[in-house]
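So the structure is just underneath, and the comments pick up after that.
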Amino acid sequence: MEQRKIAKLYLKVTCKFTQMKKAIVLITLASFSFILASCKKDKDSSGGGPDVTPLDCGTVRFSTTILPLINAKCATSGCHAAGSSSGPGALTNYSQIFTNRTQVINAVNANRMPPGGPLSTTEKLQLACWIDAGAPNN
């Protein structure tokens with residue numbers, strides 16, 4: 001008789017323990033799901049990627065946007081400064097940049113250039129806007 005009481009007590013305790021384990025697992029899963037959902041990257045309105053401030057291509061000018069960008073990121077010593085023979089050569093003036101615009105945008109979009117790290121999304125968009133507009137000397 002004593003063994004039956006012990007067996008019943010053991011089953012009760014085991015059953016309660018199993019229920020507690022299930023509850024802990026469910027709470028853990030719910031917490032983990034909540035954390036994952038809150039860590040999701042923001043998407044732009046089209047759902048295509050991280051938020052990017054829209055660029056007004058009408059504001060992109062060779063003299064105030066493209067040339068300073070190329071001078072800062074490309075036409076540096078050891079890269080595409082005056083006298084360079086790297087890749088398309090020097091990229092220091094409109095004629096050189098215009099002539100090599102396709103090579104430049106392809107290398108930038110493939111993240112092969114510049115060697116110091118890729119251009120920002122905005123900088124890539126500025127180059128694309130300028131080229132899409134016919135690469136004017138403005």
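Would you mind calculating the gained length between S77 and D132 on full extension (0.36 nm times residue separation, minus the Cα-Cα distance), in nm to one decimal?
16.9 nm
What is the sum of charges around L67, taking Lys and Arg as +1, Asp and Glu as -1, for the other residues whose C-beta is under 15 Å from the C-beta of L67?
+2
Through the Karplus equation 6.51 cos²θ - 1.76 cosθ + 1.60, θ set to phi - 60°, convert the phi angles of region 103-111 into ³J(HN,Hα) values in whole Hz; use x for Gly and Pro.
The phi angles translate into 4, 4, 5, 5, 5, 5, 5, 8, 6 Hz.
Readers should treat all values here as calculations from the given coordinates under stated rules, not as data from a laboratory. Quick caveat, the model's predicted, so the values are computed rather than measured. Glycine also receives a Cβ, built like all others from the backbone with ideal geometry; neighbour counts cover every protein chain displayed.
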